[in-house]
Amino acid sequence: MDAVRTAVMNNRFTAIVEEASAVMYRTAHTTFVKLVQDYQCAVATPEGEIFAYPSQAGVNSFIGVPLQKTIERLHELGIEEGDCFLTNDPFSTDGLVTHMMDVTMVRPIFFEGKLIAFSWGFVHASDIGGAVPGSISPAFTEVFQEGIRIRPVKLYRKGEINEDVRMLLLDNSRIPDDLWGDMKAMLSALQSMDRRFRQLCTAYGRADVEQGMHDVLAFAEAKARSVIARIPDGTYAFSDYLEGIEPGQFTYIRCAMRVAGDQVAFDFAGTDPQIPAAYNFVSGDRTHPYTVQAFLYYLLTVEPDAPRNAGLLRAITMHAPRATVINAEFPAAGGSRVAASTRVYDTLLGCLQQAVKGGLTASGPGMSAVIVLAARDPRSGARQVSVINPLCGGGGGRAGSDGTDAIDSRSGYLKSVPTEVIEVETVLFVHANRLLEDSYTPGRWRSGAALVMEMENTDPEATMTIRGMNRFSFRPWGVEGGRPGRMAEVVLNPGKDHEEVLRRVTVLKLKRGDVLRLVTPAGGGFGDPLERDLDAIRHDMRRGMLSRDSASKDYGVVFGADGSIDTQATLSARARRRAQQPHAPFDLGPERNAYDAIWPDPVRTRFAMAALEQPRAHRQLLVDAVRKRLTTAGETVTEALLEQAITEEAARLAGDRVAH
């Protein structure tokens, strides 16, 4: 590998994809693409390895997304110059598409008659049909409810559009004009990459460009291996729960991270089977960047100059058993798969927190929710589907720094929609979109603040869905003495006689004057709060984000007669309290501790594995029945009790089948 040539090629490749990404961003039609920025493009080798990926705008969680299975299908269809393929099918692409709303295009790039690369792009389509506006409800149980699903097909053949395919997609959308506007933006980006690569091959020669593709992949691999080699060898395991639609419906996600030299393996054996809700996604057989996103972010934090490409994944292996919630099989619903992927992200952070010397971070808020509204367009009077805003919550405290307010590292690429845009484009009036006072989670390095969003419907009717909401039952965890974070809240018509506390929003019908208040979670704290710098506490108090009562209760602060912090009295008070507060590596919160007292981690792992051994048609029925039976009993579940319950419930299900 020639270092200078590799650097030059990496810069040229990066410039090509950054330009194409900007084209998509600037020419898209829907709010979710042009403002929230849920889109991306990249370029891959003929074999399907992405060797250039943007970082200035758009989604950054798909670096190295697997194209290989899709390319096999494209070869079966025949690949010719001027072709452009379209798909939104997670199952036939084996995880290239992670949920059906990510409408995806792949376009071959030829030079002098030879296939030299593939350009790839996707946009999150704001509506592809289905049972609800926006196509996504967390309560959906099958993929058929989520809109039209299209296996890889030719949208363009030798430069000529296939109108049948185009109209098949648009005829199933509630907003066909806006959807086609986003599709044209994506086509422009793919054409931009095609044009620039031809120019690059003309300038440098095809052979040098092709060699450059492989060199930048190898360079990224070397960078990743250098980071992994600094992590102590060993196995680091962690688990967390995804909260389901029904009360008490908790889906177990477990990961074991095994580090050996300059390689790392992630094993998700022990994760629960796929569920009859829209939280599932497909990881496929290869290492999927969406599943190991937290580790990719760690690599790029340690080596920020590493090329953003699939070479980062070469030193990472991954095992996610088929038919689990994170590697689901047809016909699993997956529109709200962000809830599961966010919990996977937290689980990997738990592994990294143990593996990295000095620790890394507490849990983030554990939520990445998106609000979608179907209502009258106040400007035209026509029915429309609008994305209102993504909601995440305060980031967790980190080793050496506080968490970020109202956003988390996992979802930092999602941008907020300005209040003025919401009020102009929809029938909603925004009463509040602000940080929540006193919502910092205590720690030597505290969390970021939670966000409050309050909206009123001003029209006779409107339908709202919110996907990705979570952390209503179990708190984001704190580390090294940091406290666990706050949970999410949803209130309909707060302060009114007909106030209603909701567990979450699946499909909510709003009448005129209805007000919805959403409060996000906040991540955990990092380190002992009694070690927090007093100047940092003063700063938070001056901003009105930390009350005097909280400063005393959480940080051991003593105030003098003049209302200022008494430094000596505070140090003395902290010393007395510190001796009485033993610190555990993780503080999962009282709710999770109580649940773990019933379901110890080894038993819960065995439960998930045993469930996968059951007939597919019975799995979820068995899981629900056994979980409810043993949780209600309230005793610590042993392996013997678990096996007995599984045997009896499996026999009952088999008997029910025979009886019918």
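Assign unit charges at the C-beta atoms only (+1 for Lys and Arg, -1 for Asp and Glu), then state the dipole size of region 3-223 relative to its Cα centre in Debye, rounded to the nearest 20.
Value, rounded to 20: 480 debye.
Could you name the aspartates and glutamates in cross-link range of Lys415, using Cα to Cα under 20 Å and dropping any fewer than eight places away on the same chain? Output for Lys415: Glu18, Glu19, Asp38, Asp102, Asp127, Asp178, Asp182, Asp405, Glu423, Glu425, Glu454.
Projecting the Cα atoms of Pro152, Gln199, Thr141 onto the dipole axis of region 3-223, where Lys and Arg carry +1 and Asp and Glu carry -1 at the beta carbon, places Gln199 farthest toward the positive end. Between 0 and 90 degrees, the angle of helix 3-27 with respect to the longest Cα principal axis of the chain falls at about 80 degrees. Taking the convex hull of the alpha carbon positions in region 456-542 and averaging its projected area over all directions gives 7.9 nm².
Ordering Asp459, Asp528, Asp177 from the fewest to the most neighbouring beta carbons within 10 Å gives Asp177, Asp459, Asp528. Only DSSP H runs of four or more residues enter the estimate; each adds -39500 (n - 2.57), and after division by the residues of the chain the mean residue ellipticity at 222 nm equals -10500 deg cm²/dmol. The order of Leu168, Leu242, Leu35, going from fewest to most other C-beta atoms within 10 Å of their C-beta, is Leu168, Leu35, Leu242.
Run down the lysines and flag those whose C-alpha is under 30 Å from the C-alpha of Lys114, throwing out any fewer than 8 positions away in its chain. Cross-link targets: Lys69, Lys154, Lys158, Lys184.
Assigning unit charges at the beta carbon (Lys, Arg +1; Asp, Glu -1) and nothing else, what dipole magnitude in debye, to the nearest 20, does the chain show about its Cα centre?
The calculated dipole for the chain is roughly 520 debye.
Could you list log10 I(q)/I(0) for region 361-528 at q = 0.09, 0.11, 0.20, 0.21 Å⁻¹, which the Debye formula gives when each Cα is one point scatterer? Treating every Cα as an identical point scatterer, log10 I(q)/I(0) equals -0.31, -0.45, -1.17, -1.24.
Let me know the Kirkwood hydrodynamic radius for the chain, please, with Cα pairs as the basis and the value in Å to one decimal. Every distinct Cα pair counted, the radius reaches 26.0 Å. The residue list Tyr53, Val33, Gly113 was ranked by how far each Cα lies along the charge dipole of region 32-121 toward its positive end, using unit charges on Cβ atoms, and Val33 comes out on top. Note on Thr647 and Trp180: the model spin-label points, each 7 Å out from Cα along the C-beta direction, lie 6.4 nm apart. For region 3-223, what is the Kirkwood estimate of the hydrodynamic radius, computed as the reciprocal of the mean inverse distance between distinct Cα atoms, to one decimal in Å? Taking every pair of different Cα atoms in region 3-223, averaging 1/r and inverting gives 17.6 Å. Starting from the Cα of Ala597, step 7 Å toward the Cβ, then list every residue of region 617-633 with an amide N under 15 Å from that point. Taking a point 7 Å out along Cα→Cβ of Ala597, the residues of region 617-633 whose backbone N falls under 15 Å are 631-633. Take the Cα pairs of region 520-607, get the Kirkwood Rh, then feed it into Stokes-Einstein at 37 °C and 0.692 mPa s and tell me D in µm²/s. Result for D is 212 µm²/s.
Near Gly544, once Lys and Arg are set to +1 and Asp and Glu to -1 for all other residues with Cβ below 10 Å from its Cβ, the sum equals -1.
Taking max minus min of the alpha-carbon positions on each principal axis, region 118-161 gives extents of 41, 17, 16 Å, largest first. If you take all C-alpha pairs in region 22-65, what percent of them are over 16 Å apart? Tail of the P(r) past 16 Å holds 39 percent of the pairs. Between Ser401 and Glu420, the distance separating the two model label sites (each 7 Å from Cα on the Cα→Cβ line) works out to 3.0 nm.
Helix 68-77 and the long axis of the chain differ in direction by around 30°, with both axes built from C-alpha atoms.
Here Lys628 is the anchor, and the aspartates and glutamates within straight C-alpha reach of less than 12 Å, apart from those fewer than 8 places off in the same chain, are Glu246, Glu649.
What the Cα convex hull of region 599-659 gives, in volume per residue, is 69 Å³. Seen through its C-alpha gyration tensor, with square-root eigenvalues sorted a ≥ b ≥ c, region 143-236 comes out oblate because a/c lies at 1.5 or above while a/b is not bigger than b/c. In terms of surrounding Cβ atoms within a 10 Å radius of their Cβ, Lys34, Lys509 rank from fewest to most as Lys509, Lys34.
Length gained on full extension, Ala222 to Ser188: 8.9 nm, using 0.36 nm per residue less the C-alpha separation.
Give me the orientation-averaged projected area of the Cα convex hull of region 316-414, in nm², one decimal. That works out to 9.3 nm². Under the simplified labelling scheme, the Asp164-Ser55 pair shows an inter-label distance of 4.5 nm, with each label point 7 Å from Cα along Cα→Cβ. Among residues other than Glu112 with Cβ under 11 Å from its Cβ, the summed charge is +2 (Lys and Arg +1, Asp and Glu -1).
Considering only His583, Leu642, Ala597, and ranking their Cα positions along the charge dipole of the chain that arises from unit charges at the beta-carbon of Lys, Arg, Asp and Glu, the one farthest toward the positive end is His583. Between 0 and 90 degrees, the angle of helix 567-578 with respect to the longest Cα principal axis of the chain falls at about 90 degrees.
The numbers here are math on the coordinates, done by the rules we state, and not lab data. Keep in mind the model is a prediction, meaning the values are calculated, not measured. Glycine gets a Cβ as well: all are built from the backbone with ideal geometry, and neighbour counts include every protein chain shown.
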